[in-house]
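One structure is given here, and the rest of the page talks about it.
The values are calculated or read from the model by the stated rules, or taken from the named source; none is laboratory data. What you are looking at is a predicted structure, and each value in this text was computed from that prediction instead of being measured. Positions of Cβ are backbone-derived with ideal geometry, glycine not excepted, and every protein chain shown enters the neighbour counts. Each accessible area value is taken on the protein alone, full model and side chains, heavy atoms only, with ligands, DNA and RNA left out. Shrake-Rupley method; radii C 1.70, N 1.55, O 1.52, S 1.80 Å.
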Amino acid sequence: AVPPAAVWFGCVGVIQACDWVVRVDTSSAYIAAALNKPLTDIFCRDSQARTNFSPISERLVILESPSPDVISRVDPDDVVKGLQSLLALL
């Protein structure tokens with residue numbers, strides 16, 4: 001976890017130290033993709049953000065919450081499956 005007041009370079013350093021990253025679709029997900037970290041990125045269902053923007057990486061799994069408004073409704077089993085598929089890529 002990165003405190004809200006952290007400098008972006010601190011955020012990059014934290015992501016750089018990760019083996020893989022699980023994030024909702026925020027700027028830190030794009031930083032992880034740019035750093036070529038295995039990434040599970042979580043969107044709300046039918047998100048306009050996913051239509052317009054998505055991280056680009058060969059080591060990326062995108063999950064969708066079944067809710068169009070509440071991202072925390074993503075199925076934990078889907079997160080585990082996403083991590084397993086990323087491990088297969090390592």
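Remarks
- Rolling a 1.4 Å probe over the heavy atoms of the protein chains gives the stretch 9-81 an accessible area of 59 Å² per residue.
- Stretching the chain fully between Ser72 and Asp46 yields a gain of 7.9 nm (0.36 nm per residue, less the alpha carbon separation).
- Taking amide H atoms as placed 1.01 Å from N in the peptide plane, the amide H of Val24 lies under 5 Å from those of Ile42, each 5 or more residues away in sequence or on another chain.
- Shape of the stretch 17-90 from the C-alpha gyration tensor: oblate (a/c of 1.5 or more and a/b not above b/c, with a ≥ b ≥ c the square roots of its eigenvalues).
- Spin-label model distance (nm) - Val14 vs Gln84, 7 Å beyond Cα toward Cβ: 2.9
- Under 15 Å, Cβ to Cβ, from Ala32 - net charge with Lys/Arg +1 and Asp/Glu -1: -1
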